[in-house]
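Asker: Please see the structure below; I have some questions.
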Amino acid sequence: MNHLMVSDKADVLMLDDQPENLHLLTNLLGGDFRVHPFSDASKFMAYVEQGKQADLILLDVVMPGRDGYEVCAWLRGRRELEHVPIIFLTSLTSAEDERKGLGLGANDYIGKPFSPPIVLTRVRHHVSLGRTLRIIADQNDHLDEKVRERTVELERANTALRLKSEEIEKVQDATIIAFSSLAETRDNETGLHLRRTQNYVRELAGELKRHPRFAAELDDTAIQLLYKSAPLHDIGKVAIPDHILLKPGKLTPEEFDIMKTHAAAGRDAIAAAENGMGEGSSFLSAARDIAYGHHEKWDGSGYPQGLAGEAIPLFARIMAVADVYDALISNRVYKAGMPHAKAAGIITEGRGSHFDPDICDHFLLIQQRFASIAAELNDAGPPA
């Protein structure tokens, strides 16, 4: 384990074949970080292979010999750099260039010519985010070690190879808090969205269990599972670049295509956590279904898979109603929240197209409970 010390001065590695760019960035970042500039890709890679500390890597794209894309792919093949953020510094800023870079594992783009305040802000943000991810990974390693020790003790005593239910619950709660907090650091407008949607889905599922169609799937254990998993529905947004996620206005079609990748990114992040546990985890499986499926629509017009009807997991169908309702009533920098009655009307209009008809009908039965939750937890005061 690395036992990271977040108070240490961070190490920023830079690779750019233009000496003037290295000089500019070294002067800009040198006050806050230990900067390691390289103008030659081979020397940069040799340095990395020595196992030197890296908290952030800045890569030029267009370089002689190995270009930034090739170097990025090489870096992402090294397990010890799995959670080290990579930012491209480039004049290539088309949507296709961004898709290619993000597909290779980069975390963000900064366009040339540089804006010093933007560079400094982005670097500080990604250093903090990267260290948070590595701390979580380090804690997970420590937890795995404790679980292995406990398993050996149980084997020696010829007892059942399982953790006590309260220990499992603590692991679940800690994982949800860590992931959810990480998501909130990326989106300043989220506010109490996670807590509101968590309460909406519990109320809606509690009403749905009375319906014969859902009774078998929605017992008390399943509803608690849904409640716990719901805050992870947008965890994939940690993979969306700042200039898209935090844009104070409507996204372009190309930007929206990138934004839509958060569903698959969330699924992949949760699946990786499942694999790390070594065996099936019901609460992570539920969270994965929600993260990947809550933007699907009943008529098949949603994303990312275009699933329709009951092919969409039930938890994702319930989350879809809660997520849309909260988006409608919430204030954003680019829109004002609408009154509850108008939001409920829009949900009704989506019956049978966007939403499962029966789930929509049960929302209408308990819509005042949604309004009460929104009033209690609303950042800007109760909806009208």
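Asker: What does the charge add up to near Ile270, with Lys and Arg as +1, Asp and Glu as -1, over the other residues with Cβ less than 10 Å from its Cβ?
Answerer: It works out to a net charge of -1.
Asker: Another question, then. Once the other residues with Cβ under 14 Å from the Cβ of Glu96 are scored (Lys, Arg +1; Asp, Glu -1), what is the net sum?
Answerer: Residues close to Glu96 contribute a combined charge of -3.
Asker: Set Lys and Arg Cβ to +1 and Asp and Glu Cβ to -1, take the dipole of the stretch 219-337 about its Cα centre, and tell me which of His295, Thr252, Ala265 lies farthest positive.
Answerer: Of His295, Thr252, Ala265, it is Thr252.
Asker: Which lysines have a Cα lying under 16 Å from the Cα of Lys237, excluding residues fewer than 8 positions away in the same chain?
Answerer: Lys247, Lys260
Asker: Straight distance only, please: which lysines reach the Cα of Lys112 with their own Cα at less than 18 Å, same-chain residues fewer than 8 apart left out?
Answerer: Partners found: Lys100.
Asker: A further question on this structure: Take each of the peptides 361-367, 26-32, 262-268, average the number of other beta-carbon atoms within 10 Å over its residues, and list them starting from the highest.
Answerer: 262-268, 361-367, 26-32
Asker: Contour minus end-to-end for Lys247 and Tyr334, with contour as 0.36 nm per residue of separation and end-to-end as the Cα-Cα distance?
Answerer: Net length gain for the segment: 30.4 nm.
Asker: While we're looking at this one, here's another question. Note down the net charge around Ile110, summing +1 for each Lys or Arg and -1 for each Asp or Glu among other residues with Cβ under 15 Å from its Cβ.
Answerer: Here the charged neighbours net out to -3.
Since every read-out is calculated from the coordinates, none of them should be taken as a lab result. The model shown is predicted, which means the values in this text are computed figures rather than measured ones. Glycine also receives a Cβ, built like all others from the backbone with ideal geometry; neighbour counts cover every protein chain displayed.
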